[in-house]
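**Q** First the structure, which I've put down as structure tokens, then a few questions once you've had a look.
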Amino acid sequence: KTFFVLILLMYLVILLGNGVLILVTARDPRLHTPMYFFLGNLSFLDICYTTSSVPLILDSFLTPRKTIPFSACAVQMFLSFAMGATECVLLGMMAFDRYVAICDPLRYPVVMSKAAYVPMAAGSWAAGGTTAMVQTSLAVRLPFCGDNVINHFACEILAVLRLACADISINVISMAVGNVIFLGVPVLCIFVSYVFIIATILRIPSAEGRQKAFSTCSAHLTVVVVFYGTILFMYGKPKSKDPLGADKQDLSDKLTSLFYGVVTPMLNPIIYSLRNKDVKAAVRNLRDYQMEKDNHTSPVLGFILLGLSTNPRLEKPFFVLILLMYLVILLGNGVLILVTILDPRLHTPMYFFLGNLSFLDICYTTSSVPLVLDGFMNHQETISFSACAVQMFLSFATGATECVLLGMMAFDRYVAICDPLRYPMVMSKAAYVPMAASSWAIGSIASVVHTSLTIQLPFCGDNVINHFACEILAVLRLACVDISINVISMGVTNVIFLGVPVLFISVSYVFIIATILRIPSAEGRKKAFSTCSAHLTVVMIFYGTLFFMYAKPKSKESQGTEEEELSDKLIPLFYGVVTPMLNPIIYSLRNKDVKAAVRNLGSQKCFS
């Protein structure tokens, strides 16, 4: 009961303190700098981590025995490891920010521009999420013995590993590698940064100047000492060999983990608010700033989507056509998802990827098609700024995810045809589930970056988007300022999400075709090619549409402007509706397993 009250009070302080920090860093223009952007990420990270474990800990204090499902335990392991690893990298990024600010202040605005520090923060989250996915996948695949009692407050990964019946040497090695990467490397980066920072501060002639320079990094240094000190003690302390001290050591392990999970996130906002004049001033002026913002700003309330209002004769035929296509998309992809889940014969990597592809197509079309249909009926559709931002995020995220996912599917086909004996080992569940999850994560991260860069732009005129939906390129045309950063980032993304997967798919199919041609019998070649023909057809349609949509040359003739604008709108519509509609048709027509699963599903429905 004592710990219940104590942890509850700490959790409330964490929510309040970190919530206020996020609020002031978002609202106060004076805090729109790299250091406070990283600080906002740190606060959000602390809230996520504690919320994933503290409610369960509080519940365990009130009940003598707490049961947690295996899936919930896996999620908790993933979140705790991801947040911890992300915070390690983030603190290293913050040390680099302080190094540039103090040691090279003239170049600070260039080195730590928004185009640099936003991807740095996103990279921290991506790195933490990736390593957590690997560690959690390795842990959940283990067999567990006994009554599965975890001697801990929550599903801490080391406590779970102690229950394994099998050899955990791979887990131990991967944890050691993770410790080197996410503890050793950031600590080394922070240490080297502060060596240069201290050397630079000591060269400042005046005592007041030295004090002012050191005050800009003292809060970060304090947080680093508390955070890394706790982690190094928790994971690096030697284990007792005396059996009499086992109980004390277990208690020590649990309390140290609790300190890291609750006390450290509680201290972070206190340290930054007590030792930072800008944060204290921002907290005091939060109400005044909000009043000033309300009086002097006129935010974008929404956009008008023209759709086919300039070609009204096309609206009704397109309404019927797009509605029918959308229904086919929901039915076809829904059936594919259903059969890949229910039919045990389709519990393979290829069909797992196919289920992800179908779910992705449903998400993409549902985020835009209802609005497009409404626009055909109302001639000009109005969409709020926030809804437009969400639509931009979803369309870009699903498109980027599909690019990566098709590359993963090509690798799956390569292993299946070129190295069939090792296929069960290479494409095990511990491999293909993280591959699919990383596709979603990478696509989402790229979309967050592009959407963030777009929505922070000022927009001119009447905010009319000459498009069916909030397509990111159409929105960028309304910006009042230079969009070179957006254009460059789009170019880089095209290389990563178009060029790299296409190159990967091309190389995979070169090896696949070479292997197929070496098969002596015509029937064997036909059978081998049939296993990848559906994927190859989908790849050609998907990438062909994308390349034509974004890489086609622009017309220089003024007479062709209207036709080009109509073409620019209809091509994304083809990509957004026709391609998701064709995917399940291609896979069902060209795949015997899927057709058999659909027939069996109908039979089960009839005789159940």
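The values are calculated or read from the model by the stated rules, or taken from the named source; none is laboratory data. Treat the numbers as computed from the prediction; the structure is a model and nothing was measured. Don't worry about glycine lacking a Cβ; one is built from the backbone with ideal geometry, like all the others, and counts go over all protein chains shown. Areas reflect the complete protein model, heavy atoms only, side chains present, ligands, DNA and RNA absent. Shrake-Rupley method; radii C 1.70, N 1.55, O 1.52, S 1.80 Å.
**Q** How about the stretch 201-218: which of its residues are more than 23 Å from Ser273 (Cβ to Cβ) and among the polar types (S, T, N, Q)?
**A** Answer for the stretch 201-218, where residues must be more than 23 Å from Ser273 (Cβ to Cβ) and among the polar types (S, T, N, Q): just Ser206.
**Q** Next question, about the same structure. Being farther than 15 Å from Met35 by Cα, in contact with a Lys or Arg (Cβ under 8 Å, 6 or more places away or on another chain) and free of Cβ contacts under 8 Å to residues at least 60 places away in the same chain is the filter here; which residues of the stretch 184-221 pass it?
**A** Leu202, Ile204
**Q** Kindly indicate whether Thr401 is within 20 Å of Thr130 (Cβ to Cβ), modelled with pLDDT of 85 or more, open to solvent by less than 60 Å² (accessible area, probe 1.4 Å) and not acidic (Asp, Glu).
**A** Details: within 20 Å of Thr130 (Cβ to Cβ): yes; modelled with pLDDT of 85 or more: yes; open to solvent by less than 60 Å² (accessible area, probe 1.4 Å): yes; not acidic (Asp, Glu): yes.
Taking the combined requirement at face value, the residue satisfies it.
**Q** Looking at the stretch 538-551, I want the residues that are more than 21 Å from Val487 (Cβ to Cβ) and have a partner that is modelled with pLDDT of 65 or more and exposed (fewer than 13 other Cβ atoms within 10 Å of the Cβ) with Cβ atoms under 7 Å, at least 6 apart or on another chain. Which pairs are those?
**A** No pair meets every condition.
**Q** Now a separate question. So, Ala176, is that one at pLDDT 85 or above, within 27 Å of Val262 (Cβ to Cβ) and surrounded by fewer than 17 Cβ atoms within 10 Å (Cβ to Cβ) or not? Talk me through it step by step, then tell me what you get.
**A** Values: at pLDDT 85 or above: yes; within 27 Å of Val262 (Cβ to Cβ): yes; surrounded by fewer than 17 Cβ atoms within 10 Å (Cβ to Cβ): yes.
Yes; evaluated as a whole, the condition is true for this residue.
**Q** Within the stretch 103-117, can you find the residues that are surrounded by fewer than 19 Cβ atoms within 10 Å (Cβ to Cβ) and part of a helix (DSSP H, G or I)? Break it down stepwise before answering.
**A** If we filter the stretch 103-117 for residues that are surrounded by fewer than 19 Cβ atoms within 10 Å (Cβ to Cβ), which is where we start, we get 103-111, 113-116.
Once the filter is applied, which keeps residues that are surrounded by fewer than 19 Cβ atoms within 10 Å (Cβ to Cβ) and part of a helix (DSSP H, G or I), the stretch 103-117 yields Cys103, Pro105, Leu106, Arg107, Tyr108, Pro109, Val110, Val111, Lys114, Ala115, Ala116.
**Q** So is Ala446 aliphatic (A, V, I, L, M), touching a residue at least 12 places away in the same chain (Cβ under 8 Å) and within 17 Å of Phe497 (Cβ to Cβ) or not? Break it down into steps so the answer makes sense when it comes.
**A** On the way: aliphatic (A, V, I, L, M): yes; touching a residue at least 12 places away in the same chain (Cβ under 8 Å): yes; within 17 Å of Phe497 (Cβ to Cβ): yes.
It is true that Ala446 is aliphatic (A, V, I, L, M), touching a residue at least 12 places away in the same chain (Cβ under 8 Å) and within 17 Å of Phe497 (Cβ to Cβ).
**Q** Here's another thing I want to ask about it. Looking at (1) at pLDDT 85 or above; (2) touching a Leu at 6+ places or on another chain (Cβ under 7 Å), can you tell me which one Ile512 breaks?
**A** (2)
**Q** Same structure again: In the set Val13, Val54, Val100, Val75, which member is open to solvent by 10 Å² or more (accessible area, probe 1.4 Å), farther than 17 Å from Ser273 by Cβ, in a helix (DSSP H, G or I) and of a type outside the set (Gly, Ala, Ser)?
**A** On the way: Val13 fails: farther than 17 Å from Ser273 by Cβ; Val54 fails: open to solvent by 10 Å² or more (accessible area, probe 1.4 Å); Val100 fails: open to solvent by 10 Å² or more (accessible area, probe 1.4 Å).
Selected residue: Val75, the only one of Val13, Val54, Val100, Val75 that is open to solvent by 10 Å² or more (accessible area, probe 1.4 Å), farther than 17 Å from Ser273 by Cβ, in a helix (DSSP H, G or I) and of a type outside the set (Gly, Ala, Ser).
**Q** Continuing with the same structure: With Ser80, Ser43, Ser60 as the choices, which residue is in contact (Cβ under 8 Å) with a residue 60 or more places away in the chain, under 15 Å from Ile150 (Cα atoms) and among the hydroxyl-bearing types (Ser, Thr, Tyr)? Step through it out loud before you land on a result.
**A** Details: Ser80 fails: under 15 Å from Ile150 (Cα atoms); Ser43 fails: under 15 Å from Ile150 (Cα atoms).
One residue alone meets the criteria, Ser60.
Residue by residue, here is whether (1) surrounded by 12 or more Cβ atoms within 10 Å (Cβ to Cβ); (2) not in a helix (DSSP H, G or I); (3) not charged (D, E, K, R) holds:
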{"site": "Asp482", "(1), (2), (3)": "no, yes, no"}
{"site": "Met490", "(1), (2), (3)": "yes, no, yes"}
{"site": "Ile496", "(1), (2), (3)": "yes, no, yes"}
{"site": "Val510", "(1), (2), (3)": "no, no, yes"}
{"site": "Pro520", "(1), (2), (3)": "no, yes, yes"}
{"site": "Phe529", "(1), (2), (3)": "yes, no, yes"}
